[in-house]
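Asks: What follows is a structure written as structure tokens; I'll ask about it next.
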Amino acid sequence: MKKKLFLLLFFATTTFSCKDFLALAPEYQISDQTFYKSQNDFTTALTGVYSTFRGLFSSSAGVPFSSSALLYMGELTTDNTEIQWSSPSTDEMQMDQNAVTSTNAFVQSAWNTCLYTISRSNAILNRIDGVSFDQAAKDQIKGEAKFLRAYAYFYLVQMFGNVPIITQTFSSPAQVSGADLALKSRDEVYKVILADLTEAETLLPATLNTDKTRASRITVKALLGKVHLTMKNYDLAATKLKEVIDGKSYSLVANYQTLFTNGNNNLAESIFEVEFVSGRSMGNNYSAIFTPAITSMAIFPSNLQGSGRITPTLDLLNAYEAGDARKAVSVNDSVALIGGKKSYSRYGLKFVDFKAIDLSDGSITFTTLRYADVLLMYAEVLNEQGKAADALSYINQVRQRAKLANLTGLTQAALRLAIEKERRVELLYEGQRWFDLVRTGRVQAVMNAHYASLKLTFKVDDFELIFPIPQNEVDLNPTLVKQNPGY
């Protein structure tokens, strides 16, 4: 593993793609002796961190390890979506059937992307205090780097459990050999996450960043709220989420559809987003993976064919209440064909670029944190604190936007299920369903019942609540890395 990590971490600290946020492919290598000498160097390096992090969310040309892993692991593993095409890869089938092995490509991609993001953050944080430039600019860069490092660790610990904690920067094989790269407990990893986010909150300015692809102080508060909720630190989660709400920097957009169509950048509801731009092989692949693999389909320019890799289940379509305004703009089961006829086939609409001339180069921005999520998390926190009556107003704000009646008079247990259902339909295709079910301890009850309803023998066992450590990491150094039990 040390050899593998050295190659990964050393490359991350010496190579940057620098011209703008979306210039992802490494264009040149910069020596540590000549780089990290000015504010511009660190700004450029920070661009590289953001560029790497976005690889979790879509396959993109030139992005190391990118594979849409977050969507395969957060959606295809659940009752939300399934594969609807005839020739899926083994890795895709493993996700769909919750039979993931340690050689799965999406598992490896998620692991590498998170570690690469962490390493690039370390490269900034371990050098920046040694260079003199404007302190406010320096604090901004440090705060964003800590936010991104914490976000990457948060995904890692949720996916894999015990993971290595790497905060140093390596410049030689000897340094890697002397470092402690063993897997650390979840508690230790969460301490790093909380420390990074707590410091980032003090470093970043209070003024909201109008560019939602960059972190600001309130972005950090929202992620802190999610981390504390995941840890079941309900009092601390309530504090941070209420600060986001009381800050009044965000609001629900009136039209739910605008969140997921062309021009959805920097909306009032968006807290943190990943931008994609078509035309330079820097777009996303959602138009391909969320739509059917029908050759005669006529829903895109030039009648392009989707791939049917992550499509809605019938159970998901039936989960929408009658009159829910979100359904018609999130999913469809009627595909227009060449010649004017229609065919029954379920497919996703959110984040699909229906103007795309290349289905792997879509331009729709992906939102990883938004205000509706904050409202639903706060409702969950209040309910877990025994304040079900108070929680109702926050879930009802989300329901009102969807043109649904307010919920009233629910017990704590009933409200838990109501929040679970609301999050399912509100946050579909946003990579949250698996993590929600694991957090609430409901993944086995929900998924095993889902499989049984389809008369399938698949099931989620206890050990499958986390994914396997990539097998090549174990093989390279079995004394440091132990495979997660059951794999």
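Coordinate-derived values only; no laboratory data. Please read all numbers here as calculations on a predicted model, not as lab measurements. As a convention, Cβ positions derive from the backbone with ideal geometry for all residues, glycine included, and neighbour counts pool all protein chains shown.
Asks: Have a look at ALA206, ALA179, ALA152 and point out the one that is surrounded by 15 or more Cβ atoms within 10 Å (Cβ to Cβ) and either part of a loop (DSSP other than H, G, I, E, B) or free of Cβ contacts under 8 Å to residues at least 40 places away in the same chain (or both).
Replies: Just one listed residue meets the conditions, ALA179.
Asks: Additional query: Working only within the stretch 281-296, note down all residues that are small (Gly, Ala, Ser) and within 9 Å of ASP361 (Cβ to Cβ).
Replies: Across the stretch 281-296, the qualifying residues are SER281, GLY283, SER287.
Asks: Only one of (1) free of Cβ contacts under 8 Å to residues at least 24 places away in the same chain; (2) crowded, with 21+ Cβ neighbours inside 10 Å is not met by THR258, so which one is it?
Replies: Among (1) free of Cβ contacts under 8 Å to residues at least 24 places away in the same chain; (2) crowded, with 21+ Cβ neighbours inside 10 Å, THR258 violates only (2).
Asks: Which of (1) closer than 25 Å to TYR320 by Cα; (2) surrounded by fewer than 20 Cβ atoms within 10 Å (Cβ to Cβ); (3) of a type outside the set (S, T, N, Q) is the odd one out, the single condition PRO478 does not satisfy?
Replies: The number of the failed condition is (1).
Asks: Please state which one of LEU317, LEU392 is surrounded by 21 or more Cβ atoms within 10 Å (Cβ to Cβ) and of a type outside the set (Lys, Arg).
Replies: So the residue among LEU317, LEU392 that is surrounded by 21 or more Cβ atoms within 10 Å (Cβ to Cβ) and of a type outside the set (Lys, Arg) is LEU392.
Asks: Within the stretch 294-310, identify whether any single residue is out of contact with any Pro (no Cβ under 6 Å at 6 or more places or on another chain) and free of Cβ contacts under 8 Å to residues at least 12 places away in the same chain, and answer yes or no.
Replies: yes
The rows are residues; the columns are (1) in a helix (DSSP H, G or I); (2) touching a His at 6+ places or on another chain (Cβ under 7 Å); (3) not β-branched (Val, Ile, Thr).
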residue	(1), (2), (3)
PHE53	yes, no, yes
THR78	no, no, no
GLN84	no, no, yes
SER87	no, no, yes
THR103	no, no, no
THR117	yes, no, no
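Asks: For GLU473, are the conditions met, namely being surrounded by 20 or more Cβ atoms within 10 Å (Cβ to Cβ), among the acidic types (Asp, Glu) and more than 26 Å from GLY225 (Cα to Cα)?
Replies: yes
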